[in-house]
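A quick write-up on the structure given underneath.
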Amino acid sequence: MKTRRLLPFLALPLLLGGMVSCGQEETGTPVNLRFGSLIGNRVEDPIDNTSQLRFIKKSKLRTLISEKANFLLLLHGSADTCSCYTTWHNEILAPYAKRHKLLIYAITLSEFESDEDYYGLKRVSGYDTLAVFRDGEAAYQKCTDNETDPFVTTYAGFAEWMGKRVKDPKIFYVDEEILDSYYEGDTSFTIYYGRDTCGDCGYLNRTALASYLDAHDHTDADFLYIDFDAYRPSRGDDDYEERMVTYNEMKAKYGLAWSEENPAGYGEGAFPTVYYVNPDGVSYTGDVIEASGVFYNETIDEEGMVHDAYFTKARYEEAKDTYFTYLADSSLAKKWIDEENFASAPDKSRAKWHDLLAPLEEPIFNTLLAYCVGGK
């Protein structure tokens with residue numbers, strides 16, 4: 001029987017904008033933010049001048065825009081020690097972010113050249129702009145330059161502006177410490193193991209995952225995401241080899257790697273992987289993994305034949321009573337990816353693999369999420 005823990009949060013939104021005043025925009029369709037964060041947003045997490053913000057470089061902003069993501073961005077133009085900023089941040093922005101478990105990216109003006117395109121963001125020297133991006137484009141924005149505006153002066157005014165422009169996130173970034181607390185607890189959860197720089201994860205995020213989250217106003221259980229890029233060393237690091245050992249040990253720890261004791265794993269661990277976990281308070285692998293899926297990690301040879309798939313008839317026969325029970329009553333169990341042949345496809349290049357596989361993998365992904373997180 002599934003026992004679910006629900007996260008307490010409410011509703012959200014934000015802004016964009018040139019070296020002029022940033023006025024109030026018309027209210028339109030609220031943006032589904034999809035991704036939020038538990039990192040820094042737990043009750044016990046402190047609030048200081050830059051807390052509840054994830055500072056990024058321009059390269060990361062370019063990636064978010066190119067992937068047509070929905071996200072919040074603070075264009076940080078004020079000094080961290082300025083009293084007008086600290087009051088607004090510490091008494092309004094940060095408490096709201098904590099309550100709604102928001103993921104707010106932040107970027108400083110120093111990341112841009114004076115004559116550079118600010119991606120539609122308005123900017124006022126000495127002030128901040130909060131922007132809501134939809135499909136990689138700024139949809140709403142507001143500056144803090146009007147120091148009598150309720151958006152700047154009151155929590156209620158800020159909340160009203162946000163509530164009309166943003167829908168609460170449904171999947172939440174976690175770190176190793178937070179994730180471990182779930183495994184050591186006693187309520188079920190869904191965990192998406194991914195990498196922010198992974199092309200397979202990016203494709204899943206902007207297609208099937210985005211569609212599922214946008215189609216559901218809420219989910220029935222905690223849906224978590226951990227970015228393994230945060231733990232993966234970069235080639236050229238002095239301690240690269242040593243840290244890769246630790247990285248692979250972490251994949252084994254969470255059951256991403258296959259073993260006889262952990263049959264839900266795949267190879268040495270692959271991304272994206274989604275697990276539905278019923279924790280026993282001790283184990284991280286094996287029987288606590290009630291349902292699983294590994295997506296877009298197949299190999300297609302030059303003839304168009306699929307190899308090394310996760311969803312195979314052989315695996316189904318072994319797992320139909322354990323971690324593949326969510327497929328037991330599904331028509332999906334009648335056709336397996338390793339039986340597919342794309343020889344007749346006009347373009348079998350790697351760049352097209354995702355599009356070739358999507359008609360097979362998206363129905364499985366949707367069935368898995370319906371089982372894991374439900375929602376309406």
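Some notes on this structure:
- Adding -39500 (n - 2.57) for every DSSP H run of four residues or longer, then dividing by how many residues the chain holds, sets the calculated 222 nm ellipticity at -7000 deg cm²/dmol.
- Chymotrypsin sites (Phe, Trp or Tyr not before Pro) restricted to DSSP loop in the stretch 307-350 with at most 10 other C-beta within 10 Å: none
- Spin-label model, MET244 to ASP301: label points 7 Å out along the Cα-to-beta-carbon direction sit 2.7 nm apart.
- For the stretch 271-372, the per residue solvent-accessible surface stands at 46 Å², with DNA, RNA and ligands left out and a 1.4 Å probe.
- Summarising the strand pairing of the chain, around 55 percent of its internal DSSP beta bridges are antiparallel.
- Peptide packing: for 27-39, 64-76, 294-306, the average count of neighbouring Cβ atoms within 10 Å per residue gives the ranking 64-76, 27-39, 294-306, highest mean first.
- Cα gyration tensor category, rounded, prolate or oblate, for the chain with a/c compared to 1.5: prolate
- Residues whose amide H falls under 5 Å from that of ALA257, counting only those 5 or more places apart or on a different chain, are ALA252, TYR266, with hydrogens built in the peptide plane.
- Kirkwood Rh and Cα Rg combined as Rg/Rh, the stretch 171-229: 0.99
- Legend: residue pairs LYS251/LYS313; LYS101/LYS167; LYS57/LYS253; LYS320/LYS352; LYS58/LYS167; LYS58/LYS251, Cα-Cα distance threshold 19 Å; pairs beyond threshold, LYS251/LYS313; LYS57/LYS253; LYS320/LYS352; LYS58/LYS167; LYS58/LYS251.
The values are calculated or read from the model by the stated rules, or taken from the named source; none is laboratory data. Given the structure is predicted, the values throughout are model-derived calculations rather than measurements. Glycine also receives a Cβ, built like all others from the backbone with ideal geometry; neighbour counts cover every protein chain displayed. Ligands, DNA and RNA are excluded from the accessible area calculation, which covers all protein heavy atoms including side chains. Shrake-Rupley method; radii C 1.70, N 1.55, O 1.52, S 1.80 Å.
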